[in-house]
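In what follows, a structure is listed as structure tokens, so that the remarks can point back to it.
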Amino acid sequence: MSDLVPMRDLEKIREECRGSISSYAVAGAVNAVNPIPGIDAGIDAGICLKMMLEIRESFGLDEKAAKKLRKYDILLPLVKKVFDYATKEGVMILLKSVGKRYLGKTAAKYVPLVGQGIAAAAGYGMMKYFGNSYIDDCYELAKQMQQYDIEGSYREIDSDDEK
């Protein structure tokens with residue numbers, strides 16, 4: 001287990017990821033006022049896929065790790081959440097389920113000014129919620145990898161980051 005990232009480093013990675021999703025949430029807010037029906041969902045999916053890839057890479061959860069982790073029955077439900085929904089189809093399913101919380105986003109954007117503000121706020125909130133949930137899933141999977149002594153390809157933590 002000496003090759004694994006210490007728990008405090010997983011905490012640090014999680015906090016760094018939480019800070020980085022704000023830019024994706026802003027992109028989701030801007031896209032929420034996109035006037036072209038149907039295109040906004042595709043753009044949201046692209047934003048989510050890019051965000052998910054960045055989060056997974058931060059925790060060292062790449063395709064090589066996914067293949068290894070699928071051999072552990074106890075981790076399989078979490079592995080499926082982290083990897084199987086990280087496809088365009090999976091993201092669309094997740095966006096639909098998360099989007100129910102922000103149902104007014106689509107209709108509101110067609111009301112001048114106020115509606116666009118509501119849609120932007122809903123888009124921001126939806127992306128932030130989605131990102132934070134995914135960070136929690138990746139964190140939990142990385143933590144369980146440590147618990148079961150499964151090696152991953154974690155990114156290097158600079159010694160300056162320890163301060």
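Some notes on this structure:
- All positions within segment 8-60 that are under 11 Å from the mean Cα position of the chain (by Cα) and aromatic (Phe, Trp, Tyr): 24
- Some residue of segment 65-76 being under 14 Å from the mean Cα position of the chain (by Cα) and not aromatic (Phe, Trp, Tyr): no
- Taking segment 57-78 as the range and being in contact (Cβ under 8 Å) with a residue 40 or more places away in the chain, part of a helix (DSSP H, G or I) and out of contact with any Cys (no Cβ under 6 Å at 6 or more places or on another chain) as the test, the residues that pass are 57, 64, 65, 68, 69, 74, 75, 78.
- Any hit, segment 90-104, residues being within 24 Å of residue 70 (Cβ to Cβ) and modelled with pLDDT of 85 or more: yes
The values are calculated or read from the model by the stated rules, or taken from the named source; none is laboratory data. Everything quoted here is computed from the prediction, not taken from an experiment. Virtual Cβ from ideal backbone geometry, glycine too; neighbours counted across all protein chains shown.
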